[in-house]
Amino acid sequence: MSSEREQVLAEAFVGLADTLVAGYDVIDMLHRLTEVCVELLAVDAAGMLLSDQRGNLQMMASSSESSRLMELFQLQNDEGPCLDCYRSGSPVVSVDRADAAQRWPRFAAQAELEGFESVHALPLRLRHETIGALNLFGGQQGALPPGDLRVAQALADVATISILQERAVHRGEMLAEQLQAALNSRVIIEQAKGVLGERGQLDMDQAFNRLRTHARSNNRRLSELARAVVEGTIDASEMLDVLPVAKAWDPTVG
Amino acid sequence: MFDLDTFATGLAGAAAQEVDGGAARICELCVSSLPVAGAAVAVMAHVNRREVVYASDDVANELEELQFSLGEGPCVEAFGTGRPVLVADLSLVVDPRWPIFAAAAARTTARAAYALPLQIGAIGIGVLDLYRVRGGLLDATQLTGALMAADAILWSLLRLRAGVGIDDGAADGARWLTEGRRSHTAVHQATGMIMVQAGVDAESSLARLRGFAFVNEKLIDEVAGEVVARRLRFDERAADDGVPTSGGGH
(Lines give C-alpha, C1' and ligand atoms only; values in the text may rest on other atoms or scores of the structure.)
Protein backbone atom coordinates (compact mmCIF):
# COMPACT_ATOMS: atom_id res chain seq x y z
CA MET A 1 0.00 0.00 0.00
CA SER A 2 1.42 3.36 -1.00
CA SER A 3 2.04 5.86 1.76
CA GLU A 4 -0.29 8.30 0.04
CA ARG A 5 -3.06 5.75 0.17
CA GLU A 6 -2.28 4.97 3.79
CA GLN A 7 -2.69 8.63 4.52
CA VAL A 8 -6.10 8.70 2.85
CA LEU A 9 -7.13 5.58 4.71
CA ALA A 10 -6.00 6.96 8.05
CA GLU A 11 -7.89 10.19 7.42
CA ALA A 12 -11.02 8.31 6.47
CA PHE A 13 -11.00 6.29 9.67
CA VAL A 14 -10.27 9.34 11.78
CA GLY A 15 -13.17 11.12 10.07
CA LEU A 16 -15.50 8.20 10.70
CA ALA A 17 -14.41 7.90 14.32
CA ASP A 18 -15.07 11.61 14.78
CA THR A 19 -18.61 11.28 13.55
CA LEU A 20 -19.15 8.35 15.94
CA VAL A 21 -18.32 10.25 19.09
CA ALA A 22 -21.47 12.18 19.84
CA GLY A 23 -24.62 13.43 18.26
CA TYR A 24 -24.02 11.73 14.95
CA ASP A 25 -26.72 10.73 12.56
CA VAL A 26 -26.59 7.10 11.62
CA ILE A 27 -27.91 7.53 8.07
CA ASP A 28 -25.49 10.35 7.38
CA MET A 29 -22.73 8.19 8.77
CA LEU A 30 -23.63 5.27 6.51
CA HIS A 31 -23.71 7.53 3.47
CA ARG A 32 -20.30 8.87 4.36
CA LEU A 33 -19.08 5.32 4.69
CA THR A 34 -20.23 4.32 1.22
CA GLU A 35 -18.49 7.40 -0.18
CA VAL A 36 -15.31 6.44 1.64
CA CYS A 37 -15.48 3.02 -0.03
CA VAL A 38 -15.50 4.65 -3.46
CA GLU A 39 -12.67 7.01 -2.51
CA LEU A 40 -10.44 4.34 -1.02
CA LEU A 41 -11.12 1.17 -2.94
CA ALA A 42 -10.98 0.25 -6.61
CA VAL A 43 -14.79 0.39 -6.87
CA ASP A 44 -17.18 2.76 -8.60
CA ALA A 45 -20.25 2.53 -6.42
CA ALA A 46 -21.12 1.28 -2.96
CA GLY A 47 -24.38 0.67 -1.18
CA MET A 48 -25.54 -0.66 2.14
CA LEU A 49 -28.58 -2.79 2.75
CA LEU A 50 -30.00 -3.70 6.14
CA SER A 51 -32.46 -6.37 7.17
CA ASP A 52 -35.79 -4.84 8.17
CA GLN A 53 -36.42 -7.84 10.44
CA ARG A 54 -39.49 -8.64 8.39
CA GLY A 55 -37.67 -10.68 5.78
CA ASN A 56 -36.65 -7.85 3.45
CA LEU A 57 -33.46 -5.94 2.80
CA GLN A 58 -33.78 -2.17 2.78
CA MET A 59 -31.41 0.25 1.08
CA MET A 60 -29.96 2.45 3.79
CA ALA A 61 -27.21 4.40 2.05
CA SER A 62 -25.36 4.57 -1.23
CA SER A 63 -22.44 6.44 -2.71
CA SER A 64 -24.90 7.96 -5.16
CA GLU A 65 -28.64 8.43 -4.69
CA SER A 66 -29.20 7.69 -8.37
CA SER A 67 -32.58 6.07 -8.77
CA ARG A 68 -31.17 3.56 -11.22
CA LEU A 69 -28.65 2.47 -8.64
CA MET A 70 -31.42 2.20 -6.07
CA GLU A 71 -33.26 -0.07 -8.44
CA LEU A 72 -30.25 -2.34 -8.45
CA PHE A 73 -30.27 -2.49 -4.68
CA GLN A 74 -33.98 -3.04 -4.44
CA LEU A 75 -33.77 -5.91 -6.85
CA GLN A 76 -31.73 -7.68 -4.25
CA ASN A 77 -34.81 -8.56 -2.30
CA ASP A 78 -35.31 -11.20 -4.95
CA GLU A 79 -31.80 -12.16 -5.91
CA GLY A 80 -28.26 -10.84 -5.89
CA PRO A 81 -24.92 -10.91 -4.14
CA CYS A 82 -26.11 -8.80 -1.20
CA LEU A 83 -28.96 -11.19 -0.48
CA ASP A 84 -26.65 -14.23 -0.71
CA CYS A 85 -24.14 -12.50 1.54
CA TYR A 86 -26.82 -11.60 4.06
CA ARG A 87 -28.19 -15.13 4.12
CA SER A 88 -24.83 -16.87 4.39
CA GLY A 89 -23.08 -14.28 6.56
CA SER A 90 -20.03 -14.66 4.32
CA PRO A 91 -18.48 -12.44 1.65
CA VAL A 92 -19.75 -12.95 -1.88
CA VAL A 93 -17.53 -12.12 -4.85
CA SER A 94 -18.41 -12.09 -8.51
CA VAL A 95 -15.54 -11.12 -10.79
CA ASP A 96 -17.22 -10.82 -14.18
CA ARG A 97 -20.55 -10.51 -15.97
CA ALA A 98 -20.71 -14.10 -17.16
CA ASP A 99 -20.42 -15.33 -13.60
CA ALA A 100 -23.03 -12.87 -12.34
CA ALA A 101 -25.43 -13.75 -15.17
CA GLN A 102 -25.28 -17.38 -14.17
CA ARG A 103 -25.88 -16.76 -10.48
CA TRP A 104 -28.38 -13.87 -10.57
CA PRO A 105 -29.81 -13.33 -14.06
CA ARG A 106 -32.08 -10.36 -13.26
CA PHE A 107 -29.55 -8.64 -11.06
CA ALA A 108 -26.83 -9.15 -13.70
CA ALA A 109 -28.98 -7.62 -16.43
CA GLN A 110 -29.56 -4.48 -14.33
CA ALA A 111 -25.88 -4.31 -13.32
CA GLU A 112 -24.90 -4.48 -16.99
CA LEU A 113 -27.17 -1.51 -17.74
CA GLU A 114 -25.28 0.42 -15.09
CA GLY A 115 -21.94 -0.61 -16.58
CA PHE A 116 -20.75 -2.73 -13.67
CA GLU A 117 -18.47 -5.70 -14.29
CA SER A 118 -17.69 -6.94 -10.81
CA VAL A 119 -19.41 -6.99 -7.46
CA HIS A 120 -18.37 -7.72 -3.89
CA ALA A 121 -20.75 -8.08 -0.97
CA LEU A 122 -19.48 -8.05 2.61
CA PRO A 123 -21.58 -8.93 5.66
CA LEU A 124 -22.49 -6.52 8.44
CA ARG A 125 -22.10 -8.85 11.37
CA LEU A 126 -22.63 -8.64 15.08
CA ARG A 127 -21.42 -11.78 16.81
CA HIS A 128 -23.48 -14.55 15.17
CA GLU A 129 -26.06 -12.31 13.63
CA THR A 130 -25.89 -10.76 10.17
CA ILE A 131 -27.85 -7.51 9.98
CA GLY A 132 -27.12 -6.52 6.39
CA ALA A 133 -24.42 -6.24 3.76
CA LEU A 134 -22.15 -3.75 2.05
CA ASN A 135 -22.17 -3.92 -1.76
CA LEU A 136 -19.25 -2.75 -3.85
CA PHE A 137 -19.59 -2.37 -7.61
CA GLY A 138 -16.69 -2.06 -10.02
CA GLY A 139 -16.56 -1.00 -13.66
CA GLN A 140 -13.61 -3.35 -14.19
CA GLN A 141 -13.50 -7.12 -14.12
CA GLY A 142 -11.67 -8.93 -11.38
CA ALA A 143 -11.54 -9.33 -7.64
CA LEU A 144 -10.38 -6.63 -5.25
CA PRO A 145 -6.88 -7.12 -3.83
CA PRO A 146 -6.88 -8.80 -0.39
CA GLY A 147 -5.80 -5.54 1.25
CA ASP A 148 -8.80 -3.72 -0.21
CA LEU A 149 -11.12 -6.47 0.97
CA ARG A 150 -9.81 -6.17 4.51
CA VAL A 151 -10.36 -2.41 4.44
CA ALA A 152 -13.88 -2.94 3.08
CA GLN A 153 -14.70 -5.43 5.83
CA ALA A 154 -13.36 -3.00 8.43
CA LEU A 155 -15.64 -0.31 7.00
CA ALA A 156 -18.56 -2.72 7.16
CA ASP A 157 -17.72 -3.37 10.81
CA VAL A 158 -17.66 0.36 11.49
CA ALA A 159 -21.13 0.55 9.93
CA THR A 160 -22.41 -2.16 12.27
CA ILE A 161 -21.01 -0.32 15.28
CA SER A 162 -22.49 2.97 14.15
CA ILE A 163 -25.93 1.40 13.85
CA LEU A 164 -25.75 -0.18 17.27
CA GLN A 165 -24.10 2.74 19.05
CA GLU A 166 -21.98 2.16 22.08
CA ARG A 167 -24.75 1.70 24.61
CA ALA A 168 -26.16 -1.21 22.65
CA VAL A 169 -23.37 -3.63 23.22
CA HIS A 170 -24.57 -5.16 26.46
CA ARG A 171 -28.24 -5.49 25.60
CA GLY A 172 -29.30 -7.89 22.89
CA GLU A 173 -32.70 -6.29 22.44
CA MET A 174 -31.02 -3.00 21.53
CA LEU A 175 -30.14 -4.49 18.15
CA ALA A 176 -33.80 -4.63 17.18
CA GLU A 177 -34.53 -1.22 18.69
CA GLN A 178 -31.65 0.53 16.94
CA LEU A 179 -32.19 -1.23 13.65
CA GLN A 180 -35.85 -0.26 13.53
CA ALA A 181 -35.02 3.33 14.45
CA ALA A 182 -32.42 3.49 11.66
CA LEU A 183 -34.86 2.00 9.15
CA ASN A 184 -37.53 4.50 10.08
CA SER A 185 -35.06 7.37 9.77
CA ARG A 186 -34.40 6.25 6.23
CA VAL A 187 -38.15 6.37 5.49
CA ILE A 188 -38.41 9.91 6.92
CA ILE A 189 -35.56 10.98 4.65
CA GLU A 190 -37.40 9.58 1.62
CA GLN A 191 -40.55 11.47 2.64
CA ALA A 192 -38.55 14.67 3.06
CA LYS A 193 -36.93 14.18 -0.35
CA GLY A 194 -40.45 14.06 -1.79
CA VAL A 195 -41.46 17.30 -0.05
CA LEU A 196 -38.32 19.13 -1.16
CA GLY A 197 -38.39 17.65 -4.65
CA GLU A 198 -41.93 18.85 -5.19
CA ARG A 199 -41.44 22.26 -3.58
CA GLY A 200 -38.30 23.00 -5.57
CA GLN A 201 -39.00 20.88 -8.65
CA LEU A 202 -35.84 18.89 -8.02
CA ASP A 203 -35.16 15.26 -8.73
CA MET A 204 -34.77 12.99 -5.73
CA ASP A 205 -30.95 13.05 -5.87
CA GLN A 206 -30.91 16.84 -5.86
CA ALA A 207 -33.44 16.90 -3.03
CA PHE A 208 -31.24 14.61 -0.97
CA ASN A 209 -28.20 16.76 -1.59
CA ARG A 210 -30.03 19.91 -0.49
CA LEU A 211 -31.16 18.17 2.65
CA ARG A 212 -27.71 16.87 3.45
CA THR A 213 -25.96 20.15 2.68
CA HIS A 214 -28.38 22.05 4.88
CA ALA A 215 -27.95 19.56 7.72
CA ARG A 216 -24.19 19.88 7.57
CA SER A 217 -23.94 23.62 7.26
CA ASN A 218 -26.39 24.07 10.14
CA ASN A 219 -24.98 21.32 12.32
CA ARG A 220 -28.25 19.44 12.39
CA ARG A 221 -28.79 15.74 12.25
CA LEU A 222 -29.96 14.61 8.85
CA SER A 223 -32.91 12.60 10.21
CA GLU A 224 -34.03 15.38 12.53
CA LEU A 225 -33.93 17.89 9.71
CA ALA A 226 -35.85 15.46 7.47
CA ARG A 227 -38.54 15.10 10.13
CA ALA A 228 -38.79 18.88 10.48
CA VAL A 229 -39.29 19.14 6.71
CA VAL A 230 -42.06 16.53 6.67
CA GLU A 231 -43.78 17.94 9.75
CA GLY A 232 -43.49 21.47 8.38
CA THR A 233 -41.65 22.83 11.41
CA ILE A 234 -38.91 24.21 9.18
CA ASP A 235 -39.51 26.34 6.13
CA ALA A 236 -38.36 24.20 3.24
CA SER A 237 -37.66 27.29 1.14
CA GLU A 238 -34.58 27.79 3.30
CA MET A 239 -33.15 24.74 1.61
CA LEU A 240 -34.39 25.58 -1.84
CA ASP A 241 -33.66 29.24 -2.52
CA VAL A 242 -30.52 29.83 -0.57
CA LEU A 243 -27.30 29.22 -2.38
CA PRO A 244 -24.50 27.83 -0.23
CA VAL A 245 -23.94 31.06 1.64
CA ALA A 246 -24.74 29.33 4.92
CA LYS A 247 -21.00 29.12 5.49
CA ALA A 248 -20.89 32.83 6.10
CA TRP A 249 -23.05 32.35 9.18
CA ASP A 250 -21.29 29.31 10.45
CA PRO A 251 -17.53 29.58 10.32
CA THR A 252 -17.12 26.16 11.96
CA VAL A 253 -18.25 24.39 8.81
CA GLY A 254 -15.28 23.39 6.74
CA MET B 1 -44.44 -23.37 18.22
CA PHE B 2 -44.80 -20.02 16.48
CA ASP B 3 -45.12 -20.31 12.71
CA LEU B 4 -44.40 -17.05 10.92
CA ASP B 5 -46.07 -18.01 7.62
CA THR B 6 -49.31 -19.02 9.29
CA PHE B 7 -49.21 -15.87 11.38
CA ALA B 8 -48.63 -13.65 8.32
CA THR B 9 -51.55 -15.27 6.53
CA GLY B 10 -53.71 -14.67 9.60
CA LEU B 11 -52.64 -11.02 9.72
CA ALA B 12 -53.45 -10.46 6.07
CA GLY B 13 -56.89 -11.96 6.64
CA ALA B 14 -57.52 -9.88 9.74
CA ALA B 15 -56.35 -6.68 8.06
CA ALA B 16 -58.57 -7.31 5.06
CA GLN B 17 -61.67 -8.36 6.88
CA GLU B 18 -63.15 -5.39 8.63
CA VAL B 19 -62.61 -1.69 8.99
CA ASP B 20 -63.08 -0.93 12.66
CA GLY B 21 -62.28 -4.34 14.10
CA GLY B 22 -58.93 -4.77 12.39
CA ALA B 23 -56.82 -3.72 15.37
CA ALA B 24 -58.82 -5.90 17.76
CA ARG B 25 -58.58 -8.96 15.55
CA ILE B 26 -54.86 -8.50 15.07
CA CYS B 27 -54.35 -8.15 18.83
CA GLU B 28 -56.31 -11.36 19.37
CA LEU B 29 -54.12 -13.07 16.81
CA CYS B 30 -51.00 -11.86 18.66
CA VAL B 31 -52.28 -13.25 21.95
CA SER B 32 -53.22 -16.61 20.43
CA SER B 33 -50.05 -17.04 18.34
CA LEU B 34 -47.18 -15.22 20.06
CA PRO B 35 -45.91 -16.07 23.56
CA VAL B 36 -47.64 -13.03 25.07
CA ALA B 37 -50.47 -12.82 27.58
CA GLY B 38 -52.08 -9.64 26.35
CA ALA B 39 -52.06 -6.95 23.71
CA ALA B 40 -53.33 -3.40 23.48
CA VAL B 41 -53.33 -0.63 20.91
CA ALA B 42 -53.04 3.02 21.86
CA VAL B 43 -53.68 5.66 19.22
CA MET B 44 -51.88 8.87 19.97
CA ALA B 45 -52.07 12.37 18.58
CA HIS B 46 -49.04 13.18 20.66
CA VAL B 47 -47.55 11.85 23.89
CA ASN B 48 -50.22 13.43 26.09
CA ARG B 49 -53.24 12.80 23.93
CA ARG B 50 -54.16 9.23 23.40
CA GLU B 51 -56.89 6.70 23.31
CA VAL B 52 -56.79 2.97 23.98
CA VAL B 53 -58.63 1.52 21.00
CA TYR B 54 -58.32 -2.06 22.17
CA ALA B 55 -57.02 -4.01 25.14
CA SER B 56 -57.23 -7.79 25.23
CA ASP B 57 -57.58 -8.00 29.03
CA ASP B 58 -57.61 -5.99 32.26
CA VAL B 59 -53.84 -6.10 32.73
CA ALA B 60 -53.20 -4.84 29.21
CA ASN B 61 -55.69 -2.07 29.86
CA GLU B 62 -54.19 -1.23 33.24
CA LEU B 63 -50.69 -0.95 31.74
CA GLU B 64 -52.06 1.49 29.19
CA GLU B 65 -53.91 3.55 31.80
CA LEU B 66 -50.87 3.64 34.09
CA GLN B 67 -48.65 4.99 31.36
CA PHE B 68 -51.31 7.41 30.26
CA SER B 69 -51.72 8.89 33.74
CA LEU B 70 -48.02 8.81 34.65
CA GLY B 71 -46.84 10.05 31.28
CA GLU B 72 -44.03 7.50 31.17
CA GLY B 73 -43.38 3.87 30.31
CA PRO B 74 -42.38 1.73 27.33
CA CYS B 75 -45.38 2.77 25.23
CA VAL B 76 -44.77 6.47 25.84
CA GLU B 77 -41.08 5.94 25.11
CA ALA B 78 -41.78 4.00 21.90
CA PHE B 79 -44.10 6.70 20.60
CA GLY B 80 -41.75 9.54 21.56
CA THR B 81 -38.58 8.00 20.16
CA GLY B 82 -40.08 6.13 17.22
CA ARG B 83 -38.32 2.91 18.10
CA PRO B 84 -39.47 -0.37 19.60
CA VAL B 85 -38.97 -0.63 23.36
CA LEU B 86 -38.41 -4.21 24.48
CA VAL B 87 -38.32 -4.75 28.24
CA ALA B 88 -37.27 -8.24 29.29
CA ASP B 89 -37.94 -7.73 32.99
CA LEU B 90 -40.32 -5.08 34.23
CA SER B 91 -40.07 -6.08 37.88
CA LEU B 92 -36.32 -6.00 38.37
CA VAL B 93 -35.19 -3.25 36.12
CA VAL B 94 -36.09 0.12 37.47
CA ASP B 95 -35.45 1.82 34.23
CA PRO B 96 -34.42 5.46 34.65
CA ARG B 97 -36.70 6.19 31.71
CA TRP B 98 -39.79 5.24 33.74
CA PRO B 99 -39.10 4.94 37.49
CA ILE B 100 -42.68 5.46 38.65
CA PHE B 101 -44.21 3.23 36.01
CA ALA B 102 -41.80 0.40 36.89
CA ALA B 103 -42.96 0.47 40.52
CA ALA B 104 -46.62 0.51 39.51
CA ALA B 105 -46.21 -2.19 36.86
CA ALA B 106 -44.58 -4.46 39.45
CA ARG B 107 -47.98 -4.69 41.17
CA THR B 108 -49.54 -6.19 38.04
CA THR B 109 -48.87 -9.71 36.72
CA ALA B 110 -46.93 -8.33 33.75
CA ARG B 111 -43.20 -9.12 33.83
CA ALA B 112 -42.09 -8.30 30.29
CA ALA B 113 -43.39 -5.67 27.88
CA TYR B 114 -42.81 -4.94 24.24
CA ALA B 115 -43.94 -1.64 22.79
CA LEU B 116 -43.90 -1.37 18.99
CA PRO B 117 -44.58 1.99 17.35
CA LEU B 118 -47.16 2.16 14.58
CA GLN B 119 -45.25 4.29 12.14
CA ILE B 120 -44.09 4.89 8.60
CA GLY B 121 -41.36 7.52 8.63
CA ALA B 122 -42.75 10.74 10.06
CA ILE B 123 -46.25 9.26 10.23
CA GLY B 124 -46.68 7.97 13.77
CA ILE B 125 -50.17 7.12 14.92
CA GLY B 126 -49.78 4.98 18.02
CA VAL B 127 -48.25 1.93 19.63
CA LEU B 128 -48.90 -1.81 19.79
CA ASP B 129 -48.23 -2.97 23.36
CA LEU B 130 -47.63 -6.61 24.18
CA TYR B 131 -47.03 -7.98 27.64
CA ARG B 132 -46.35 -11.35 29.22
CA VAL B 133 -46.35 -12.77 32.71
CA ARG B 134 -42.91 -14.27 32.56
CA GLY B 135 -39.80 -12.28 31.81
CA GLY B 136 -37.66 -12.56 28.72
CA LEU B 137 -37.66 -11.44 25.13
CA LEU B 138 -39.29 -12.57 21.93
CA ASP B 139 -36.98 -14.57 19.71
CA ALA B 140 -36.06 -13.23 16.26
CA THR B 141 -38.95 -14.93 14.45
CA GLN B 142 -41.49 -13.88 17.07
CA LEU B 143 -40.19 -10.32 16.89
CA THR B 144 -40.64 -10.40 13.12
CA GLY B 145 -44.23 -11.47 13.71
CA ALA B 146 -44.80 -8.67 16.22
CA LEU B 147 -43.36 -6.07 13.81
CA MET B 148 -45.61 -7.38 11.04
CA ALA B 149 -48.60 -7.18 13.38
CA ALA B 150 -47.75 -3.53 14.11
CA ASP B 151 -47.60 -2.86 10.34
CA ALA B 152 -50.98 -4.53 9.82
CA ILE B 153 -52.58 -2.49 12.63
CA LEU B 154 -51.09 0.69 11.24
CA TRP B 155 -52.73 0.06 7.88
CA SER B 156 -56.00 -0.87 9.45
CA LEU B 157 -56.05 2.36 11.51
CA LEU B 158 -54.90 4.55 8.63
CA ARG B 159 -57.83 3.30 6.60
CA LEU B 160 -60.23 3.99 9.43
CA ARG B 161 -58.87 7.47 10.04
CA ALA B 162 -58.86 8.34 6.35
CA GLY B 163 -62.55 7.45 6.26
CA VAL B 164 -62.01 4.94 3.51
CA GLY B 165 -65.01 2.65 3.26
CA ILE B 166 -64.71 -1.06 3.65
CA ASP B 167 -65.54 -1.65 0.00
CA ASP B 168 -62.65 0.32 -1.39
CA GLY B 169 -60.35 -0.23 1.53
CA ALA B 170 -60.61 -3.96 1.97
CA ALA B 171 -57.46 -5.96 1.50
CA ASP B 172 -55.09 -3.08 0.98
CA GLY B 173 -53.53 -3.53 4.41
CA ALA B 174 -53.06 -7.12 3.46
CA ARG B 175 -51.56 -6.02 0.18
CA TRP B 176 -48.81 -4.08 1.90
CA LEU B 177 -47.91 -7.23 3.76
CA THR B 178 -48.01 -9.46 0.74
CA GLU B 179 -46.95 -7.18 -2.10
CA GLY B 180 -43.60 -8.80 -2.07
CA ARG B 181 -40.14 -7.94 -1.04
CA ARG B 182 -39.97 -4.27 -1.73
CA SER B 183 -38.47 -1.22 -0.15
CA HIS B 184 -41.41 1.04 -1.01
CA THR B 185 -38.90 3.86 -1.49
CA ALA B 186 -41.07 5.48 -4.16
CA VAL B 187 -44.10 5.29 -1.86
CA HIS B 188 -42.31 7.36 0.77
CA GLN B 189 -41.03 9.87 -1.80
CA ALA B 190 -44.49 10.17 -3.37
CA THR B 191 -45.98 10.71 0.10
CA GLY B 192 -43.80 13.80 0.44
CA MET B 193 -44.62 15.04 -3.06
CA ILE B 194 -48.38 14.65 -2.63
CA MET B 195 -48.18 16.53 0.68
CA VAL B 196 -47.04 19.59 -1.28
CA GLN B 197 -49.32 19.04 -4.30
CA ALA B 198 -52.49 18.59 -2.27
CA GLY B 199 -51.55 20.66 0.77
CA VAL B 200 -52.15 17.83 3.24
CA ASP B 201 -50.18 16.14 6.01
CA ALA B 202 -48.14 12.98 5.51
CA GLU B 203 -50.85 10.66 6.80
CA SER B 204 -53.55 12.03 4.46
CA SER B 205 -51.08 12.03 1.62
CA LEU B 206 -50.33 8.33 2.05
CA ALA B 207 -54.05 7.61 2.41
CA ARG B 208 -54.75 9.35 -0.92
CA LEU B 209 -52.01 7.46 -2.65
CA ARG B 210 -53.30 4.20 -1.33
CA GLY B 211 -56.93 5.00 -2.11
CA PHE B 212 -56.04 5.86 -5.70
CA ALA B 213 -54.04 2.66 -6.10
CA PHE B 214 -56.92 0.61 -4.81
CA VAL B 215 -59.63 2.24 -6.91
CA ASN B 216 -57.50 1.83 -10.02
CA GLU B 217 -56.52 -1.71 -9.12
CA LYS B 218 -52.83 -0.93 -9.17
CA LEU B 219 -50.08 -1.64 -6.71
CA ILE B 220 -49.27 1.32 -4.48
CA ASP B 221 -45.63 1.11 -5.62
CA GLU B 222 -46.69 1.49 -9.27
CA VAL B 223 -48.79 4.57 -8.56
CA ALA B 224 -46.00 6.03 -6.42
CA GLY B 225 -43.55 5.47 -9.27
CA GLU B 226 -45.84 7.51 -11.56
CA VAL B 227 -45.93 10.34 -9.03
CA VAL B 228 -42.14 10.37 -8.59
CA ALA B 229 -41.70 10.30 -12.40
CA ARG B 230 -44.07 13.34 -12.49
CA ARG B 231 -46.59 11.64 -14.72
CA LEU B 232 -49.31 11.79 -12.08
CA ARG B 233 -50.27 14.62 -9.73
CA PHE B 234 -52.62 14.89 -6.79
CA ASP B 235 -53.52 18.55 -6.96
CA GLU B 236 -55.31 20.50 -4.29
CA ARG B 237 -58.54 21.02 -6.15
CA ALA B 238 -58.72 17.61 -7.69
CA ALA B 239 -57.83 15.97 -4.41
CA ASP B 240 -61.12 17.19 -2.88
CA ASP B 241 -62.93 14.42 -4.63
CA GLY B 242 -59.95 12.16 -4.61
CA VAL B 243 -59.26 12.41 -8.33
CA PRO B 244 -55.67 13.14 -9.26
CA THR B 245 -54.73 14.66 -12.55
CA SER B 246 -52.59 13.04 -15.13
CA GLY B 247 -49.65 14.53 -16.92
CA GLY B 248 -49.95 17.93 -15.31
CA GLY B 249 -47.06 20.22 -14.68
CA HIS B 250 -43.75 19.01 -15.90
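Miscellaneous remarks
- Accessible area buried, both sides summed, chains B and A with 1.4 Å probe, Å²: 3100
- Principal axis dimensions, largest first and in whole angstrom, of segment B:70-143 by Cα: 34, 31, 17
- Net charge, residue A:89 excluded, C-beta distance under 13 Å - Lys, Arg +1, Asp, Glu -1: +1
- Per residue, segment A:183-249 exposes 45 Å² of solvent-accessible protein surface, assessed with a 1.4 angstrom probe and all protein chains in place.
- Summarising the amide proton neighbourhood of residue B:34: residues at separation of 5 or more, or on other chains, whose placed amide H is nearer than 5 Å comprise an empty set.
- FRET E, pair residue A:35, residue B:51, Förster distance 51 Å, beta-carbon r, rounded to 0.05: 0.70
- Minimum 50 Å² accessible area buried by the other protein chains, segment B:85-123 residues, probe 1.4 Å, relative to alone: B:86, B:121, B:122
- Estimated 222 nm signal from helices in chain A, with DSSP H stretches of n ≥ 4 weighted -39500 (n - 2.57), rounded to 500: -18000 deg cm²/dmol
- Relative contact order %, segment A:1-111, counting alpha carbon pairs below 8 Å whose residues are six or more apart: 16
- Projected onto planes of every orientation and averaged, the convex hull of the alpha-carbon atoms in chain A covers 14.3 nm².
- Dimensionless Rg ratio for segment B:4-163, taking C-alpha atoms and the 2.2 N^0.38 Å reference: 0.95
- Surface share of carbon and sulfur [accessible, 1.4 angstrom probe, percent] for segment B:4-163: 52
- Debye log10 I(q)/I(0) at q = 0.18, 0.25 Å⁻¹ for segment B:45-112, Cα point scatterers: -0.64, -1.26
- Computed over neighbours whose Cβ is under 10 Å from that of residue B:64, the net charge equals -3, Lys and Arg +1, Asp and Glu -1.
The values are calculated or read from the model by the stated rules, or taken from the named source; none is laboratory data. These figures come from a predicted structure and were not determined experimentally. With ideal geometry, Cβ positions are generated from the backbone for all residues, glycine too; neighbour counts draw on all protein chains shown. Heavy atoms of the whole protein, side chains included, go into the accessibility calculation; ligands, DNA and RNA do not. Shrake-Rupley method; radii C 1.70, N 1.55, O 1.52, S 1.80 Å.
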